[in-house]
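**Student:** Structure provided below as structure tokens; questions to follow.
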Amino acid sequence: MSYLTIENLNLELGGKMILKDLNLSIEKGQLISLLGPSGCGKSTLLRGISGLNSIKSGKVMIDGRDITKLAPKKREVGMVFQSYALFPNLTVADNVAFGLAMKRIDKDTVSKKVAQILELVGLEDKAKSYPGELSGGQQQRVALARSIVVEPKVLLLDEPLSALDAQIRKQLRLELCRLQKKLGITMIFVTHDQEEAMAISDRIFVMHNGQIAQEGTPSQVYFHPSNEFVAGFIGNYNKLNKEQIERLFGPLIEEGSTYALRPEAIEFTPQDDAVSVVGQIIERHILGNVVRCTVQTQYGTLWVDRMNQGQAVLNDLKDVTLFIRQEDVVTLHQ
Amino acid sequence: MKKMNRFIITLFVAFMCLPILVTLVYSFATEWGKSILPSGYTLKWYAQLYQDPQFLAAISRSLILTVVTLAAVLVILVPSIALVAIYLPKFDHLFKPIVLLPYAIPGVVLATGLMRTYTNGLVPLFAVLSGGLFIYSLPFMYQSVRSSLQEIDGTRLMEAAEMLGASKVYAFIRILLPNIKIGIMVGSLLTFSAFFGEFQLTNMILGGDFETIRIYMLRVMKVNGHLSSAVVMTYLILLVIISALIIKLTNMNRKRSSMMREEAAFKPIVKGSPAHELLNH
Amino acid sequence: MQQHWKRQAQACLLPLAAVLLLFLAVPLVIMIRQSFGDQNGDGFSFANFMQILSQPFYYDAFRNSFFISIYSALAGLVLAMFVAAALARMNEKAQEKITLFINMTANFAGVPLAFAYIILLGNAGLVTLILQHMGISLQSFFNLYSWQGLALTYVYFQVPLGVLFLYPAFKGMDQRWGEAVALLGASRFSFWARIGIPHILPSVLGTFIILFANGMGTYETAYALVGGTVSLVTTRIASSVSGDIFAQPQIGSAMAVLFSILMIAVLLVNQYLLHLFRRDIK
Ligand SMILES: Nc1ncnc2c1ncn2[C@@H]1O[C@H](COP(=O)(O)OP(=O)(O)O)[C@@H](O)[C@H]1O
Ligand SMILES: [Mg+2]
């Protein structure tokens, strides 16, 4: 049963159609990521769901209720902004209590809930501080607490970690995951960082040009990109055309014009059912624990990723034989 | 090179202070003009001034004009600026040119228009004058409030409050206003000193019928220069107090904002607001 | 719902719109209308404008204002450039103090300024007396109550205004100077030719135009210092409109219209120049 459903959503900004006939449905209690390059309309989609931008046509339903025409505050949707958007004139506790006070909950309950949630995000000792006195990571935790404490049906997070240092970002995203599972919150997490999306999501929606380009679990999206855009955006696939593929494997049964091959699926050592291709390594780039080799072959240049284990052989290797299995080739659709 | 810079700045400060200093000395001099140094020093001009009911009346008139107009500015202008900045960006381009308004439509031109329109008694001239001053407060207020709003990212704060269930009016009063308070206060103080020292519109529209502090100053200058100097010094001290308040508020603002966002550069509100220079010539 | 709110928001702007209409738009329109009318504001002709352009009594006012503003703006600009350049190299604290100092002295312009200059340079002024002791007669080559005195007095408020406008550009330039030296080992000459002058020129031109406009609009200082003895646009308009003896409001209106057109033209030239220079940036 779908919890949040978006049907044929069209949203226009400044005379330009930003979201085009967008469809999406999400299960309750899941953490889903909206992944896409900057400018593809991720923020706009969140603002359409929250009601901050009015939509042109289409329908937004949460928990069976049509909220398309409701004011933002009536939608029971929470939002966490990239810039935190904490209220500088209120203490951390008052920031967190703000939404509860709007619901006219009695004071004792409010302070109890505020204390609980602050403990949950590890800021119980900062209750009396002002936002200006906190670090970026702490501020974003407050923002998270402030949105969670009112128990929204869906929590929208617009690149909440982008303004933070790499290290804090990784730590905070784990905490976010833990919190989400513990409280069973339905979350839509926007990011342009594919690694981040892979790490935390139950499902990923890849966005492109105001539409959903593909949806699936992280491994589905990673191992089976369904079109050229996703293959290019997720993990630097080698792109091959029909002719190249047929020269490698002979006539194909499956229809298609473009094919993708993951750089790490290509091996330097013989494999079962693999065809071999000779080539020369013309470039090497160390990407952390992976070495990306650019290999010149008669079928064009291919990227090959190997684990970086400091092998001298990798450094000296020039002429190589590549082994490619047909099952690793993914057919892309336009 | 360092010495040279220091020398130039010192010269500049001296150049700016010299007229103020001679006025100060003049206000304490029994007589000055026959010899290079004053013939004696006295406090009698100040004593005489503070006993002059017309001086007190002039100060009161200036205060009334300033406070009434400033109140109108705060009630009408400030919410409008915020509203346009946050919700009606379409109108924003209409606001931008007003920074140049005092140059494009100098006081004498607006005063001419106001007089040609309202000397028929349709609207009380005090209200006309107040309306004219209101127009010239636009640049100060717009700049201070806008930069304040930008600094706190007012649009985002309003959205965040709304997402948490607040109405727009509640969010404006409880969240937006407290956070741009300092910008509003700085703008108000700048406007205050401009209104308080206003001469041109007042002189053209009401002239001797409404003797404000500057008009009083000029009248006394023609009769007794020493007394007039005492007026100038009193007036300046009042404004120094106001400026001190501005400094204090700007510093407060900077402390808060630098804590708020580590990397965000502080944008001065008073500093480099040349608009302030314009009204008092 | 969104549309509804937009309309409400626009309604909230009505009070401001009313004030702008009542105290800016309507007066300006009426003034423009009357500039084409006769003594009673009736009829339609260019007679008032012809009169202004043909009678020295009126066009002298424009000429005097123009030259006083040009001189004071030039002097103010040159002095302000020295101060701004020096200020840009001071530490942050000193810069802040000076800008605040400038803001405070702004309150001194007008009547107090005119009077202070009378104490300094008037017939019995301090400088006049000192020069007299040295056997020099100031009055033989300088008259405070003439256009000379006005131009000199204007410089007092032109310099600080110029500093406020120029100083950001000089500050930016100092940064670029550092970068250029560090990265390219640029010589002083090539820095100025390639980076320095192109960088500050727009600001200098813009500041000159603002100072000029500022001088043209000055009323209080002139009114207090020379009254009607030197004919200026501002004082001439004021006396045509509100003077008791020579009240000729339709001429005053026409002068005001010409004056505003001139100022707007000057500002447009400024915008155009800025646009021309900053093409590379925008
Ligand atoms: N107010 C607006 N008016 C017109 N276009 C806009 C407006 N806001 C955003 N856009 C455009 O909408 C597109 C999507 O923006 P956004 O949703 O912010 O992208 P993302 O969050 O994916 O980076 C961008 O191309 C942007 O230029
Ligand atoms: Mg975005």
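The values are calculated or read from the model by the stated rules, or taken from the named source; none is laboratory data. Because the structure is predicted, anything quoted here is derived from the model rather than measured. Neighbour counts run over all protein chains shown; Cβ positions are idealised from the backbone, glycine included. Accessible surface areas use protein heavy atoms only, side chains included; no ligands, DNA or RNA. Shrake-Rupley method; radii C 1.70, N 1.55, O 1.52, S 1.80 Å.
**Student:** Say we look at the stretch A:152-166 and pick out the residues that are part of a strand (DSSP E or B) and away from ligand 1 (no atom under 16 Å from the Cβ); which of these is nearest to the chain's Cα centre (by Cα)?
**Tutor:** Only one residue tops the list, namely A:LEU155.
**Student:** Of the residues in the stretch A:19-52, how many are more than 14 Å from chain B (Cβ to nearest Cβ) and within 11 Å of ligand 2 (Cβ to nearest atom)?
**Tutor:** Count: 9.
**Student:** Can you give me the number of residues within the stretch B:128-157 that are within 13 Å of the chain's Cα centre (by Cα), among the small types (Gly, Ala, Ser) and at pLDDT 90 or above?
**Tutor:** The number of residues fulfilling the criteria is 1.
**Student:** Continuing with this model, one more query. Taking C:ARG7 as the residue in question, decide whether it is at pLDDT below 95, exposed (fewer than 13 other Cβ atoms within 10 Å of the Cβ), assigned to a helix (DSSP H, G or I) and within 12 Å of chain B (Cβ to nearest Cβ).
**Tutor:** The answer is yes for C:ARG7.
**Student:** Can you find a residue that is crowded, with 17+ Cβ neighbours inside 10 Å and within 16 Å of ligand 1 (Cβ to nearest atom) anywhere in the stretch A:167-186?
**Tutor:** Among the residues of the stretch A:167-186, not one is crowded, with 17+ Cβ neighbours inside 10 Å and within 16 Å of ligand 1 (Cβ to nearest atom), which makes the answer no.
**Student:** Sort out which residues of the stretch C:150-192 are of a type in the set (A, V, I, L, M), farther than 26 Å from C:VAL269 by Cβ and either at pLDDT below 90 or crowded, with 21+ Cβ neighbours inside 10 Å (or both), and write them in order of number.
**Tutor:** Across the stretch C:150-192, the qualifying residues are C:ALA180, C:VAL181, C:ALA182, C:LEU183, C:LEU184, C:ALA186.
**Student:** Of A:PHE81, A:PHE87, which residue is within 19 Å of A:VAL149 (Cβ to Cβ), within 15 Å of ligand 2 (Cβ to nearest atom) and not aliphatic (A, V, I, L, M)?
**Tutor:** A:PHE81
**Student:** Give the residues of the stretch A:123-135 that are part of a helix (DSSP H, G or I) and out of contact with any helix residue (DSSP H, G or I) (no Cβ under 7 Å at 6 or more places or on another chain), sorted by residue number.
**Tutor:** Result: A:ASP125, single match.
**Student:** Considering the stretch C:21-42 alone, what residues qualify as being more than 17 Å from C:MET255 (Cα to Cα) and open to solvent by less than 50 Å² (accessible area, probe 1.4 Å)?
**Tutor:** Within the stretch C:21-42, C:PHE23, C:LEU24, C:ALA25 qualify.
**Student:** Then there is this: In the stretch B:169-199, how many residues are more than 14 Å from chain A (Cβ to nearest Cβ), of a type outside the set (Val, Ile, Thr) and open to solvent by less than 20 Å² (accessible area, probe 1.4 Å)?
**Tutor:** Here the count works out to 10.
**Student:** What's the number of the only condition in (1) within 14 Å of the chain's Cα centre (by Cα); (2) under 22 Å from A:ILE62 (Cβ atoms); (3) buried (at least 19 other Cβ atoms within 10 Å of the Cβ) that A:ALA197 fails to meet?
**Tutor:** Going through (1) within 14 Å of the chain's Cα centre (by Cα); (2) under 22 Å from A:ILE62 (Cβ atoms); (3) buried (at least 19 other Cβ atoms within 10 Å of the Cβ) one by one, A:ALA197 breaks only (2).
**Student:** Wholly within the stretch A:13-122, which strands (runs of 3 or more DSSP E) include no fewer than the required count, namely at least 3 residues that are away from ligand 1 (no atom under 13 Å from the Cβ) and open to solvent by 10 Å² or more (accessible area, probe 1.4 Å)?
**Tutor:** Counting at least 3 such residues, we get A:16-27, A:57-62.
**Student:** Within the stretch A:244-259, can one find any residue that is without any contact (Cβ under 8 Å) to a residue 12 or more places away in the chain, in contact with an Asp or Glu (Cβ under 8 Å, 6 or more places away or on another chain) and on the phi < 0 side of the Ramachandran plot?
**Tutor:** Yes: the stretch A:244-259 contains one or more residues that are without any contact (Cβ under 8 Å) to a residue 12 or more places away in the chain, in contact with an Asp or Glu (Cβ under 8 Å, 6 or more places away or on another chain) and on the phi < 0 side of the Ramachandran plot.
**Student:** For A:PHE189, which of the numbered conditions (1) open to solvent by 10 Å² or more (accessible area, probe 1.4 Å); (2) within 16 Å of ligand 2 (Cβ to nearest atom) fails to hold?
**Tutor:** Against the list (1) open to solvent by 10 Å² or more (accessible area, probe 1.4 Å); (2) within 16 Å of ligand 2 (Cβ to nearest atom), A:PHE189 comes up short only on (1).
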